[in-house]
Amino acid sequence: MHFSKTYSQLLLSLPPDLRDNAIQYRQLKKIINQIVTELSSLGLRPALLHELIEASDDHTNLTEAHRLEEPSADTSNEGEGGDHSSGSLIKLSSPRAVYELNSSSGRIEPQLRIWLGVPSPEVTLPHSEDLPKTYGRPETPEDEDENGFSATTASAINGHTTLLWALQQRHFGEDVPGNEALEQVDSSPSQNADASVQLFDPLSNDSSHTISGYAAGQEIVIPLVHDTEFYNMLSMMLEAISEHLTTIHSDFVKSLESLSRTIADSAHPASVAARFHPFSGISADAGAVRVRTGDLKSDLYSWREIFQIYVETEVFESVEEVTRGERTVEESEKRLQQFAERVTQHGLGDRRKFKLKQSIEALETFLSLNLFILNIKKFSHANSEATRKILKKHAKRTALFFPGLQPGTSAAEGTPAPLLALVAANTTPFSLPRILVQAIGETLLPIIPSVEDYSCLICTSIAFKPIRLSCGHLFCVRCLVKMQKRQSEKCPMCRAPSVLVANRSNVDWALLNFMQDWFPLESKEKLKSNEKEASEEELREMGIDPNESCCAM
């Protein structure tokens, strides 16, 4: 299927506001056809333009090589008596063209600069000892050989026509056709010698350069009307997309902040209840701490489970070592469906686990924001691909292209400012989807604290009754007691001697209150597990097996 049809079908699956701001691919294709018609009316077919532009590149490289070799050539010529012109043959300057921008305009206005060389005889200046005896004077019958050919005639036939002989053939004071082409040649021998080795520079602003033995090259500048229309329209489309995406980003952030407030109201912690009592090292003993859960009357645990499933699904980005990075559109769409299915399987999409009606509405909003990110991802990928395709088609159909705008190339130094938007759109995909995903991770997910962030480094369960050692590392009280009974002096994390000196003063009361506030069920379960483990340990010290049944008398 052609890209144009695929692109149209993809746009139909997007919301109307995104569809209306997309790249108008078919409209740009029509302008390309107009460009081809415009060039054909000038006799510039794509194949011919390609040859002219390649000839200009070859001539530029030849000119640069000649300039680099000039010093060494001058030095070698001085060693031979100072003759700079002997054996120097200038080849005919072929037609060539350069595709460029109008530098005097602040807009994208492409134009063609074409140089047409008018042919003249090739010129070689021989050494003085190689000159014929009749050099510098009119021919006489004695100069003719036995076949009736004079020395100068033979020289002309053999292609070794000297500049002085060419000047002698001119009829000064008479209107002879063709003399105008040589009027710019100076009769000074030294100047002519220098001119005979000078290459014509097609990039020079002076179009009146003359090579000895050649007429002046003619420079033609052709403004490309429809090509200007093409680049201006593409530039306007990309600017409109950029402005629309900026507006979308602003609206998305506002919607995300509103959703975060709604979730925070429906997932409030236990401290909202009137029966919550914080502890402190002054008014409470760490061994007598008890956790009251009761009826939370919030959807804290439902939202924590939803966010846990969302993080594990990795809808838009992968954090694995092998597949790290942004996912493709197809993979993101597949994983978003998996996330919705897992949420439904856990009974989080209805009243089975949600206690508040606003939580159900907030979940719908959360899913719609993720679907919106997926549409933005499709929109960005489609526009980036459309821009790349249309620039490639433009270069293929017209043989006109700017360095840096084609696939696999980079922008050349000194690229005009109006082209920078096209270069960015062609080489770098839009980053808005990634920005929106980061906004969810920074604004929404931290509303519900994760229990993994407050786990003990040894038993990996919640570090309730947290003990913070002097080195700063955190452990639960049961793991600390076990290390002290084994006489383990050093911290398992940093090897600092801080374990045996820890006591009740090392209890982190602020963190303890935070844990029973946001993780009441986990804290109660950990407290119950610690008490059971402590009682079993005491029975073993007394020689009683806690797993055997006993009868009290």
> Taking the stated definitions as given, is VAL477 in contact (Cβ under 8 Å) with a residue 60 or more places away in the chain, β-branched (Val, Ile, Thr) and out of contact with any helix residue (DSSP H, G or I) (no Cβ under 6 Å at 6 or more places or on another chain)?
Replying inline: yes
> Restricting to the stretch 216-254, what's the tally of residues that are part of a helix (DSSP H, G or I) and open to solvent by 70 Å² or more (accessible area, probe 1.4 Å)?
Replying inline: 9
> Does the stretch 367-401 hold any residues that are of a type in the set (A, V, I, L, M) and within 23 Å of VAL343 (Cα to Cα), and which are they?
Replying inline: LEU367, LEU369, LEU371, ILE373, LEU374
> What do you reckon, is ILE435 closer than 30 Å to LEU238 by Cβ, surrounded by fewer than 17 Cβ atoms within 10 Å (Cβ to Cβ) and either touching a helix residue (DSSP H, G or I) at 6+ places or on another chain (Cβ under 8 Å) or at pLDDT 90 or above (or both)?
Replying inline: yes
>> ALA22 - would you say it is outside any helix (DSSP H, G or I) and modelled with pLDDT of 85 or more?
In response: yes
> Counting only residues that are over 20 Å from LEU444 (Cα atoms) and either within 23 Å of the chain's Cα centre (by Cα) or modelled with pLDDT of 90 or more (or both), how many does the stretch 238-282 have?
Replying inline: 10
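Can you pull out the residues in the stretch 259-272 that are in contact (Cβ under 8 Å) with a residue 40 or more places away in the chain and either open to solvent by less than 10 Å² (accessible area, probe 1.4 Å) or assigned to a helix (DSSP H, G or I) (or both)?
So in the stretch 259-272, the residues in contact (Cβ under 8 Å) with a residue 40 or more places away in the chain come out as 259-260, 262-267, 269-271.
Of everything in the stretch 259-272, those that are in contact (Cβ under 8 Å) with a residue 40 or more places away in the chain and either open to solvent by less than 10 Å² (accessible area, probe 1.4 Å) or assigned to a helix (DSSP H, G or I) (or both) turn out to be LEU259, SER260, THR262, ILE263, ALA264, ASP265, SER266, ALA267, ALA270, SER271.
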>> Need the failing condition index for ARG352 against (1) at pLDDT below 85; (2) farther than 20 Å from PHE372 by Cβ; (3) surrounded by 10 or more Cβ atoms within 10 Å (Cβ to Cβ), just the number.
In response: (3)
>> Test of understanding: among LYS482, LYS528, LYS524, which residue is assigned to a helix (DSSP H, G or I), surrounded by fewer than 17 Cβ atoms within 10 Å (Cβ to Cβ) and in contact (Cβ under 8 Å) with a residue 40 or more places away in the chain?
In response: LYS524
>> Exactly one condition in (1) open to solvent by 50 Å² or more (accessible area, probe 1.4 Å); (2) at pLDDT 90 or above is false for ILE462; which is it?
In response: (1)
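Does any residue of the stretch 492-514 turn out to be in contact with a Gly (Cβ under 6 Å, 6 or more places away or on another chain) and open to solvent by 10 Å² or more (accessible area, probe 1.4 Å)? Please lay out each step first, then the result.
Initial filter on the stretch 492-514 (in contact with a Gly (Cβ under 6 Å, 6 or more places away or on another chain)): 509.
Still in the running and open to solvent by 10 Å² or more (accessible area, probe 1.4 Å): 509.
For the stretch 492-514, residues in contact with a Gly (Cβ under 6 Å, 6 or more places away or on another chain) and open to solvent by 10 Å² or more (accessible area, probe 1.4 Å): present.
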>> For the stretch 367-380, check the following and say yes or no: at least one residue is more than 24 Å from GLN9 (Cβ to Cβ), at pLDDT 90 or above and either in contact with a strand residue (DSSP E or B) (Cβ under 9 Å, 6 or more places away or on another chain) or open to solvent by less than 70 Å² (accessible area, probe 1.4 Å) (or both).
In response: yes
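If only one of VAL507, VAL481, VAL477 is of a type in the set (A, V, I, L, M, F, W, C) and more than 30 Å from LEU296 (Cβ to Cβ), which one is it?
Details: VAL507 fails: more than 30 Å from LEU296 (Cβ to Cβ); VAL477 fails: more than 30 Å from LEU296 (Cβ to Cβ).
So the residue among VAL507, VAL481, VAL477 that is of a type in the set (A, V, I, L, M, F, W, C) and more than 30 Å from LEU296 (Cβ to Cβ) is VAL481.
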> Which residues, taken from the stretch 18-27, are open to solvent by 40 Å² or more (accessible area, probe 1.4 Å) and either in contact (Cβ under 8 Å) with a residue 40 or more places away in the chain or of a type in the set (S, T, N, Q) (or both)?
Replying inline: ASN21, GLN24, GLN27
> Are any residues in the stretch 52-77 of a type in the set (Asp, Glu) and either at pLDDT below 75 or over 32 Å from the mean Cα position of the chain (by Cα) (or both), and if so, which ones?
Replying inline: ASP57, ASP58, GLU64, GLU69, GLU70, ASP74
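For the stretch 439-460, how many residues meet the condition of being in a helix (DSSP H, G or I) and in contact (Cβ under 8 Å) with a residue 12 or more places away in the chain?
Taking the stretch 439-460 as the starting set, the residues that turn out to be in a helix (DSSP H, G or I) are 439-447, 451-454.
Then drop every residue that is not in contact (Cβ under 8 Å) with a residue 12 or more places away in the chain, which leaves 439-440, 443-445, 447, 451, 454.
The total comes to 8.
The values are calculated or read from the model by the stated rules, or taken from the named source; none is laboratory data. Note that the structure is predicted; figures quoted are calculated from it, not measured. Here Cβ is always computed from backbone atoms with ideal geometry, including for glycine, and neighbour counts include all displayed protein chains. The accessibility values were calculated without ligands, DNA or RNA, using every heavy atom of the protein model including side chains. Shrake-Rupley method; radii C 1.70, N 1.55, O 1.52, S 1.80 Å.
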